[in-house]
Amino acid sequence: MSDTPIHLDDLRQRIDQLDGDILRLISERANCAQQVAHVKLAQDKDAVFYRPEREAQVLRRIMALNKGPLDSEEMARLFREIMSACLALEQPVKVAYLGPEGTFTQQAALKHFGESAVSLPMAAIDEVFREVEAGAVNYGVVPVENSTEGVVNHTLDTFMDSSIKICGEVVLRIHHHLLISETTRQDKVSRIYSHPQSFGQCRKWLDAHYPHAERVPVSSNAEAAKLVKTEWHSAAIAGDMAAKLYGLERIADKIEDRPDNSTRFLIIGNQDIPMSGEDKTSIVVAMRNQPGALHDLLEPFHRHKIDLTRIETRPSRTGVWNYVFFIDFKGHRDEPQVAAVLEEVRLRASELRVLGSYPQGVL
Ligand SMILES: C=C(O[C@@H]1C=C(C(=O)O)C=C[C@H]1O)C(=O)O
């Protein structure tokens with residue numbers, strides 16, 4: 001510590017000076033991003049301004065450069081918002097998500113695209129797919145798996161009937177709270193509303209604290225929060241966004257059974273995404289119903305040393321798709337190693353569809 005006392009006024013003057021510099025630099029950056037948009041338009045009149053692989057690279061670079069005191073994720077979140085605002089100058093990204101407003105899926109959409117994106121709630125997962133397919137929005141966001149409750153089957157099934165591509169992924173830490181409204185009699189809670197997935201994630205806590213309350217499953221946590229507004233003996237389990245949206249009070253915080261409870265969401269779209277350097281590929285494969293089918297399918301991955309991150313089996317709904325496997329692995333389809341595996345798998349499978357190669361989630 002130096003002996004010279006530090007004066008508050010001096011520090012504030014320094015902060016004002018720095019803010020001026022930051023302001024100037026952000027504006028300069030925004031000008032650059034605008035010029036990029038013009039260059040893209042000159043090359044192709046239907047150019048897509050948003051480039052997920054480039055955004056992932058920008059965020060990864062910031063995280064690698066960061067020396068603190070802010071932690072790298074916090075810093076990347078700030079840059080996420082700067083990029084989002086820069087992009088919105090030219091063309092805000094339009095994103096459909098599994099609604100209603102206040103769901104974790106909306107939170108995931110804003111985490112991935114930033115607050116300047118225009119996010120539109122849809123009533124069902126299929127509707128998100130349809131809006132994207134129809135070109136009414138640029139991207140869609142749907143939940144795909146939770147660390148406690150497992151896969152969201154409906155999302156996987158919808159891929160089987162769709163030509164949509166996976167353009168990205170985002171993982172969100174899920175914190176649930178027990179919420180009441182100003183009319184709720186806290187000592188008389190006899191009914192709790194939530195989404196079935198959330199009940200699953202808070203089962204032990206509920207058994208310990210509200211063993212006798214009726215658990216009523218509803219279509220979303222936000223819907224649960226809304227219902228509580230009208231019933232004096234009810235509570236809801238939902239996240240922060242829903243609590244804020246409906247002005248509810250948290251009477252118990254972070255009631256999920258597992259502290260690392262998180263959900264992975266997929267960004268769906270109509271584009272093929274170029275390599276970002278750290279990518280994942282998702283495929284759906286149908287194998288003929290014969291002994292050793294799964295082994296035959298996985299053997300090329302093992303031989304080429306490709307890292308599988310997930311494998312799910314779904315019952316086939318047509319004759320052709322006997323066994324259907326959803327497989328995620330590290331690497332991009334344009335990498336020779338990955339291309340070779342995909343070729344081998346194509347020969348062994350009765351059907352193979354690459355759902356997409358996309359940047360691994362950064363935030
Ligand atoms: C500026 C670009 O376009 C968009 C804006 C970006 C940014 O602000 O850094 C990054 C990728 C694109 O979503 C670009 O492609 O470089």
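All of the numbers you see were taken from the coordinates with simple rules; none came from a lab. Remember, it's a predicted structure, so these values are computed and weren't measured experimentally. Note: ideal-geometry Cβ built from the backbone for every residue, glycine included; neighbour counts use all protein chains shown.
Remarks
- Normalised by 2.2 N^0.38 Å, where N is the number of residues, the C-alpha radius of gyration of segment 225-363 stands at 1.46.
- Across segment 352-363, rounded Karplus estimates of 3J(HN,Hα) from the backbone phi angles (6.51 cos²θ - 1.76 cosθ + 1.60, θ = phi - 60°) give 9, 10, 7, 7, x, 10, 7, x, 4, x, 9, 8 Hz, Gly and Pro being marked x.
- Each peptide in 51-58, 222-229 was scored by the mean count of other Cβ atoms within 10 Å over its residues; highest first, the order is 222-229, 51-58.
- Averaged over residues, the count of other Cβ atoms within 10 Å places the peptides 132-139, 23-30 in the sequence 132-139, 23-30, highest first.
- Cα centroid separation - segment 41-96 against segment 160-216, whole Å: 32 Å
- Scalar couplings 3J(HN,Hα) for segment 50-65, obtained by applying the Karplus form with A = 6.51, B = -1.76, C = 1.60 to θ = phi - 60°, are 6, 10, x, 5, 5, 4, 4, 5, 4, 5, 5, 5, 4, 5, 6, 6 Hz; x denotes Gly and Pro.
- Estimated distance in nm for a label pair at residue 330 and residue 203, the labels positioned 7 Å out from Cα along Cα-to-Cβ: 3.2 nm
- Counting 0.36 nm for each residue step from residue 101 to residue 212 and taking away their Cα separation leaves a gain of 37.0 nm.
- Here the mean projected area of the convex hull built on the C-alpha positions of the chain is 24.7 nm².
- Listed residues 182, 127, 149, most fluctuating in the chain (Gaussian network, C-alpha, under 10 Å): 182
- Cut-off 11 Å between beta-carbons: net charge of the residues surrounding residue 21, Lys and Arg +1, Asp and Glu -1: -1
- In this structure, the amide hydrogen of residue 191, modeled 1.01 Å from its nitrogen in the peptide plane, lies closer than 5 angstrom to those of 214, 235, counting only residues at least 5 positions away or on a different chain.
- Gaussian network model of the chain, springs between alpha carbon atoms under 10 Å - residue of 177, 112, 295 with greatest fluctuation: 295
- Full-stretch length increase - residue 175, residue 310 - with 0.36 nm per residue and alpha-carbon distance subtracted: 46.2 nm
- Measuring r between the beta carbons of residue 270 and residue 303 and using R0 = 41 Å, the FRET efficiency lands at 0.80.
- Backbone N within segment 63-99 under 12 Å of label point (7 Å from residue 18 Cα along the Cβ vector): 68-70
- Considering only 207, 296, 19, the mean-square fluctuation computed in a Gaussian network model of the chain, springs between alpha carbons under 10 angstrom, is largest for 19.
- Computed from the C-beta positions of residue 288 and residue 360, the FRET efficiency with R₀ = 35 Å rounds to 0.65.
- Summarising the label geometry, the points placed 7 Å from Cα in the beta-carbon direction at residue 123 and residue 31 lie 4.9 nm from one another.
- Unsatisfied cross-links (Cα-Cα over 23 Å) in the set 165/254; 204/244; 204/229; 40/94: 165/254; 204/244; 204/229
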